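What follows is one structure encoded as structure tokens, with my remarks underneath.
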Ligand code: ATR
């Protein structure tokens, strides 16, 4: 007799609202095909009013999913509704990855992992000094990145934001190594910086960036951007012209997907050049 596990389809989701532009199904279904696994990953549009019901059906097993990703606007609710959020999710108050384990809904946040893994891959040695990082923006994406860079051991992290109060919230949350400031402070805080990250949507689709002088950074300093449409954003091209190393943001999206896939489907996938070009062709 065949084991029923051999034939049953393992299903995972990405849920958000809206969700139709998500690239996650393409990434996970590519890995499923490569491993020849009997699984499927699908995008589900869940309006905020239906999210609690969606999570109940996940917990009870009724929905048939083993877990999934959550994205805007559900990351905070996902954390609150989980039975077992891990320390990363607890500190952020937000989760992007859910999985069932022995009847309990576990939650984590893999954005920081994705961010660091992308830099490790594209710019080996970028964190050799772990000295000064400048993070532009203080929204949801910035939180996970500030947490990750702090956990990597950076000595000073400057969070500069149009609304300084939001940057200050991050400084209060993540501890004494985090320093808040206004955008005007960029000039002075860039001195000797080893990392600059744009976490705002400025530059997306070639709109609305401004000029930055990257030359005060450390010579080996790295500039990266969470925007990946276009891949070479205005901030990255300025930095490159000024002789700085750059790493684009697409790898963050690809790498943040790795831990979830492993939890749901039992294999650790790789971020390969083939996967990258599959997604780039679609941008
Ligand atoms: P996300 O969750 O994707 O990070 P968010 O929470 O809306 O999105 O945060 C967007 C970030 O981009 C914020 O830091 C925002 O600055 P404010 O906190 O002052 O709103 C920043 N941002 C968006 N548009 C901007 C602009 N035109 N100039 C400067 N910063 C901008």
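Quick notes on this structure:
- Helices (runs of 4 or more DSSP H) enclosed by the range 211-269 - at least 3 residues per element that are within 16 Å of the ligand (Cβ to nearest atom), closer than 30 Å to residue 101 by Cα and in contact (Cβ under 8 Å) with a residue 60 or more places away in the chain: 250-256
- Any hit, the range 58-78, residues being part of a helix (DSSP H, G or I), at pLDDT 95 or above, more than 23 Å from residue 228 (Cα to Cα) and more than 24 Å from the chain's Cα centre (by Cα): yes
- Taking the range 138-167 as the range and being assigned to a helix (DSSP H, G or I), more than 17 Å from residue 225 (Cα to Cα) and either in contact (Cβ under 8 Å) with a residue 40 or more places away in the chain or within 11 Å of the ligand (Cβ to nearest atom) (or both) as the test, the residues that pass are 164, 165, 166, 167.
- Residue 93 being more than 11 Å from the ligand (Cβ to nearest atom), surrounded by fewer than 23 Cβ atoms within 10 Å (Cβ to Cβ) and under 23 Å from residue 72 (Cα atoms): yes
- Members of the range 172-210 found to be over 18 Å from residue 248 (Cα atoms), assigned to a strand (DSSP E or B) and more than 14 Å from the ligand (Cβ to nearest atom), listed by number: 178, 179
- Residues located in the range 96-137, provided they are in contact with a helix residue (DSSP H, G or I) (Cβ under 7 Å, 6 or more places away or on another chain), part of a helix (DSSP H, G or I) and away from the ligand (no atom under 16 Å from the Cβ): 113, 116, 117, 118, 121, 122
The values are calculated or read from the model by the stated rules, or taken from the named source; none is laboratory data. Bear in mind that the values here come from a model prediction, so they are computed numbers and not experimental data. So basically every Cβ, Gly included, is an ideal-geometry build from the backbone, and we count neighbours across all protein chains shown.
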